[in-house]
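To start, the structure itself, in structure tokens.
The values are calculated or read from the model by the stated rules, or taken from the named source; none is laboratory data. What you see is a predicted model; the values in this text were computed from it and never measured. In this analysis, Cβ positions are derived from the backbone assuming ideal geometry, glycine residues included, and neighbour counts consider all displayed protein chains. The area values use the complete protein model at the heavy-atom level, side chains included, leaving out ligands, DNA and RNA. Shrake-Rupley method; radii C 1.70, N 1.55, O 1.52, S 1.80 Å.
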Amino acid sequence: MNLTLEALRILDMIDRKGSFAAAAVALDRVPSALTYTVRRLEDDLDLLLFDRRGHRAKLTPAGLELLTEGRHLLRAAEDLEQRVKRTASGWGVELRIVVDSIIPFENLLPLIADFDREGAGTRLRFSVEVLSGVWESLLRGDADLAIGAPYDGPDVIRMSGGFQIRPLGEIEWVFAVAPGHPLATIEGPLEASLLQQYRAVAVADTGRALPSMTAGLLNGQDTLTVPSLQAKLTAQLAGLGCGHLPRTLAAAYLASGALIEKMTTEPKPSGSAHFAWRNATRSKSLKWFAQRLAEPATQAQLLR
């Protein structure tokens, strides 16, 4: 006989239970059937798999090597079986979700927990991008769903007909500086010509192919570019620059005095965040997320 998954399952159970008899009970088989399978496999391989001396069935070195590698095959077979079942159920094997860094990942945890309770078995794969990088990930096919995508998408997305775009909510921005920053003590709205003299902190756009998105930066202004919104907050708290922050992110620091809100003559307009998905993805998992993301309570949770 050739090596089969059934033979590997028998070897695995004998090793776990310690005897042919106990393994037969666990597999609901008669002991003679297990003995026959093992002996036939030993004959085909021309080697002994078990040392039958003593009361416990003990694997030989060759048997141990066979079972060690064979367990990888058993796990792969079980995974394949579950993937096929998930595909047949319509939920899909995996859902790839790209999130803009403006959405704190901890805000997604209740949504993930709710999805887990559906028992779909779909694997969720999250990635984080910034600004046009979110749309680019969706456009390249690296993600099935985007959450927190800025503005309403580039023309290549909106005009293609291959994507659905829905509003997630408005984001209010506040211009803030640390108490020790030179701008902190200046009275009245800050003129653009004054702001140009001080370094701004900006989050790097992770897009590569699409035009970069920038907002709130002035021509000729020195810029400290950081990798994430949290890094931007940290830099501004340290007095290393100025700039706009989402009010929800800055609120606690404004209340404590760690940041000071300043008015500007050209305030950054409130920006809108969106969620979007590829039309080609039709799984129940995507439909579930799209329905939940359309709910006001979910939107408030994500943008808080």
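Listed values, structure above:
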{"item": "Single residue of Pro150, Pro154 found to be under 21 Å from the mean Cα position of the chain (by Cα), of a type outside the set (A, V, I, L, M) and either modelled with pLDDT of 90 or more or surrounded by 14 or more Cβ atoms within 10 Å (Cβ to Cβ) (or both)", "result": "Pro150"}
{"item": "Test result for Gln197, at pLDDT below 95, closer than 21 Å to Val98 by Cβ and open to solvent by 60 Å² or more (accessible area, probe 1.4 Å)", "result": "no"}
{"item": "Any hit, region 102-111, residues being touching a strand residue (DSSP E or B) at 6+ places or on another chain (Cβ under 6 Å) and either at pLDDT 85 or above or surrounded by fewer than 16 Cβ atoms within 10 Å (Cβ to Cβ) (or both)", "result": "yes"}
{"item": "Per-region count, region 13-26, residues surrounded by fewer than 17 Cβ atoms within 10 Å (Cβ to Cβ) and not in a loop (DSSP other than H, G, I, E, B)", "result": "5"}
{"item": "Test: residue in region 47-54 that is closer than 17 Å to Asn2 by Cβ and open to solvent by less than 40 Å² (accessible area, probe 1.4 Å)", "result": "yes"}
{"item": "Any hit, region 81-97, residues being at pLDDT 85 or above and farther than 30 Å from Gly207 by Cβ", "result": "no"}
{"item": "Ala297 being of a type in the set (Gly, Ala, Ser), open to solvent by 40 Å² or more (accessible area, probe 1.4 Å) and not in a helix (DSSP H, G or I)", "result": "no"}
{"item": "Residue satisfying all of: in region 100-125; over 12 Å from the mean Cα position of the chain (by Cα) and part of a helix (DSSP H, G or I); nearest to Gly169 (Cα to Cα) among these", "result": "Asn107"}
{"item": "Residues of region 31-44 that turn out to be in contact (Cβ under 8 Å) with a residue 40 or more places away in the chain and either open to solvent by 30 Å² or more (accessible area, probe 1.4 Å) or β-branched (Val, Ile, Thr) (or both), as a count", "result": "1"}
{"item": "Considering residues of region 27-39 that are assigned to a helix (DSSP H, G or I) and hydrophobic (A, V, I, L, M, F, W, C) only, the residue farthest from Arg71 (Cα to Cα)", "result": "Ala33"}
{"item": "Among the candidates Ala202, Ala235, Ala231, Ala252, residue that is open to solvent by 40 Å² or more (accessible area, probe 1.4 Å), outside any loop (DSSP other than H, G, I, E, B) and among the small types (Gly, Ala, Ser)", "result": "Ala252"}
{"item": "Which listed residue, of Ala300, Ala290, Ala231, Ala252, is of a type in the set (A, V, I, L, M, F, W, C), under 22 Å from the mean Cα position of the chain (by Cα) and more than 30 Å from Gly141 (Cβ to Cβ)", "result": "Ala300"}
{"item": "Matching residues, region 275-293, being in a strand (DSSP E or B) and open to solvent by 20 Å² or more (accessible area, probe 1.4 Å)", "result": "Trp277, Arg278"}
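Conditions tested, residue by residue: (1) surrounded by 15 or more Cβ atoms within 10 Å (Cβ to Cβ); (2) among the basic types (Lys, Arg).
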residue: Ala120; (1), (2): yes, no
residue: Leu131; (1), (2): yes, no
residue: Leu139; (1), (2): yes, no
residue: Arg158; (1), (2): no, yes
residue: Glu170; (1), (2): no, no
residue: Ala178; (1), (2): yes, no
residue: Leu183; (1), (2): yes, no
